[in-house]
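Report on the following structure.
The values are calculated or read from the model by the stated rules, or taken from the named source; none is laboratory data. All of these numbers come straight from a predicted model, not from anything done at the bench. Here Cβ is always computed from backbone atoms with ideal geometry, including for glycine, and neighbour counts include all displayed protein chains.
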There are 2 protein chains.
Amino acid sequence: MFTLAEENYLKAIYHLEKESKSGVSTNAIAVKLNTQPSSVTDMVQKLAHKKVLSYQKYKGSFLTKEGKKIATNVIRKHRLWEVFLVEKLKFQWDEVHEIAEQLEHIKSEELIKRLDAFLDHPDFDPHGDPIPDENGNIKPTEKKLLSELQKDQRGICVGVKESSSQFLQYLDTRNIGIGTTIKVVDKEEFDDSMTIQVGETQLHITDKIAHNLYINTN
Amino acid sequence: MFTLAEENYLKAIYHLEKESKSGVSTNAIAVKLNTQPSSVTDMVQKLAHKKVLSYQKYKGSFLTKEGKKIATNVIRKHRLWEVFLVEKLKFQWDEVHEIAEQLEHIKSEELIKRLDAFLDHPDFDPHGDPIPDENGNIKPTEKKLLSELQKDQRGICVGVKESSSQFLQYLDTRNIGIGTTIKVVDKEEFDDSMTIQVGETQLHITDKIAHNLYINTN
DNA sequence: TTTAATTTTTAGTCTTGTCTAAACTTATGG
DNA sequence: CCATAAGTTTAGACAAGACTAAAAATTAAA
């Protein structure tokens, strides 16, 4: 069994690993978790001993298969809870992260299984990030920025890049949310603005908006 | 802000206070929390310092107004989560306690406010215990054992006294659950068995069953 | 009311996870 | 290629919350 602190380290290292491609540096972990590098050294040594990551002095760490499994499981829980908070409890997209940080550590496999079913086995969280399955597999996502779509392409809104309240409210008043189908009706090369179809209505949006909306084009 | 351990102490003391009427003994707390009395002494001194309980050496502890408020708030969260687990995630009545023990410590007032609304402001948890409101007020309950009802009296099932799997399954197969209206059709003085009306059907039950079902006769 | 049993507290220790300060590696630049 | 900077680790300390063993207070019994 892993403690709350251990789970947070594994999660942080998992995220950092995807960006660095090589071993994750002690400093990077410290920055991510808002701790001192010396604390990180202690913890990675402990986690290495527990076989969930491999660590060499001065060379950084990377997760073992076992470590990845634990990390993705925590991420799975986090994202499922985020879906719950937004879909069922009607939180805004940007209000849920802190609460999910706590909920992700609740220990009960059965709980997550049932929550997943209750939410109808969602594939993405409210930020458009994919939800790993029980085995830690993450479906390769076709997530793109709306600005990358071509004329006449369509997709489903799966999340936002920036999540300020103003932006989310902008989207809300225009009936754009998770699961909304968006079609690019026209694209203006000059200023990168575009006309999109949302439900019955057409909408003209600036490049700034288009650069902050994630679309799944599967 | 209070730690998980502190919240658990306050909750335990709150429950014990209702039974003892005088100060709660150090030993009683230790038994309830499965710790050593010496650990309890340390903690109650700390909590006394924080003004959430008053404590006198060798005389036991009792909660201050502030302490009661925190305790009832934790209990409120616990019971709301239990309702969620049973009503929404379809857990059995007896499977939810451990999970709710964890969920009750999630910190977010907004979360509980929304969860309460999502569950339609329930008054009782799946065990028939009343859910305190935001201010810690607990509605005086008319909860009785089914065995205490008279012929022709009716009420709503609000919980169980014993919660073994067998008993819960017995109830399930007979369509008795939280919220089920039960009417006493006939009562046999000789062996305390009774005939009850559940929905369309009548049912003959033994005294053992009647002694383990809580009914709200409001 | 004096002794014995019980309960409670104190003192000292341990583990987890953190910190600071100092020492040590590795990387960088002249 | 050596000196310095940057990053990392070690050593020692601390707070929270628990434990054991021993001392002290209270209660019960003779």
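In this structure, is B:I138 more than 10 Å from chain A (Cβ to nearest Cβ) and either modelled with pLDDT of 90 or more or assigned to a helix (DSSP H, G or I) (or both)?
Yes.
Which one is nearest to the chain's Cα centre (by Cα), of the residues in the stretch A:55-112 that are away from DNA strand C (no atom under 16 Å from the Cβ) and of a type in the set (D, E)?
Here the answer is A:E82.
With the structure loaded, tell me whether B:L85 is closer than 20 Å to A:I112 by Cβ, away from DNA strand D (no atom under 16 Å from the Cβ) and within 11 Å of another protein chain (Cβ to nearest Cβ) or whether it fails that test.
Yes; evaluated as a whole, the condition is true for this residue.
Taking the residues in the stretch A:88-101 that are more than 19 Å from A:G179 (Cβ to Cβ) and within 8 Å of chain B (Cβ to nearest Cβ) as candidates, determine which candidate is modelled with the lowest pLDDT.
A:E98
Can you give me the number of residues within the stretch B:176-192 that are closer than 16 Å to B:Q153 by Cβ and free of Cβ contacts under 8 Å to residues at least 40 places away in the same chain? Quick ask: steps written out before the conclusion?
Going residue by residue through the stretch B:176-192, those that are closer than 16 Å to B:Q153 by Cβ are B:180-189, B:192.
Next cut, free of Cβ contacts under 8 Å to residues at least 40 places away in the same chain only: B:180-189.
Of the residues in that region, 10 qualify.
Could you tell me which numbered condition A:S108 fails, if it satisfies all but one of (1) closer than 16 Å to A:A5 by Cβ; (2) within 14 Å of chain B (Cβ to nearest Cβ)?
Of the numbered conditions (1) closer than 16 Å to A:A5 by Cβ; (2) within 14 Å of chain B (Cβ to nearest Cβ), the odd one out for A:S108 is (1).
Among (1) surrounded by fewer than 17 Cβ atoms within 10 Å (Cβ to Cβ); (2) within 14 Å of chain A (Cβ to nearest Cβ); (3) among the acidic types (D, E), there is one condition B:D133 misses while meeting the rest; what is its number?
Only one criterion in (1) surrounded by fewer than 17 Cβ atoms within 10 Å (Cβ to Cβ); (2) within 14 Å of chain A (Cβ to nearest Cβ); (3) among the acidic types (D, E) is unmet by B:D133, namely (2).
Please determine, by comparing only the residues of the stretch B:29-54 that are buried (at least 20 other Cβ atoms within 10 Å of the Cβ) and near DNA strand C (Cβ under 7 Å from one of its atoms), which one is nearest to the other protein chains (Cβ to nearest Cβ).
Within the stretch B:29-54, the match that is nearest to the other protein chains (Cβ to nearest Cβ) is B:V40.
Select from the stretch B:6-27 the residues that are surrounded by 15 or more Cβ atoms within 10 Å (Cβ to Cβ), under 22 Å from B:N73 (Cα atoms) and small (G, A, S) and list them in ascending order.
Result: B:A12, B:G23.
Within the stretch A:77-118, can you find the residues that are surrounded by fewer than 16 Cβ atoms within 10 Å (Cβ to Cβ) and outside any helix (DSSP H, G or I)?
A:K90, A:Q92, A:K107 - these are the residues of the stretch A:77-118 that are surrounded by fewer than 16 Cβ atoms within 10 Å (Cβ to Cβ) and outside any helix (DSSP H, G or I).
Can you tell me how many residues in the stretch A:189-209 are surrounded by 14 or more Cβ atoms within 10 Å (Cβ to Cβ) and farther than 13 Å from A:K151 by Cα?
Number of matching residues: 5.
Could you give every pair whose Cβ atoms fall below 9 Å, whose first residue belongs to the stretch B:36-60 and is in contact (Cβ under 8 Å) with a residue 24 or more places away in the chain and within 19 Å of B:S22 (Cβ to Cβ), and whose second residue is more than 9 Å from DNA strand D (Cβ to nearest atom) and of a type in the set (K, R), counting only separations of at least 6 or pairs across chains?
What qualifies is B:V52/B:K68; B:V52/B:K69.
Against the definition (under 21 Å from B:S163 (Cα atoms) and either within 11 Å of another protein chain (Cβ to nearest Cβ) or away from DNA strand D (no atom under 16 Å from the Cβ) (or both)), how does B:L63 come out, yes or no? Outline the logic, then answer.
Values: under 21 Å from B:S163 (Cα atoms): no; either within 11 Å of another protein chain (Cβ to nearest Cβ) or away from DNA strand D (no atom under 16 Å from the Cβ) (or both): yes.
So B:L63 does not fit the description; no.
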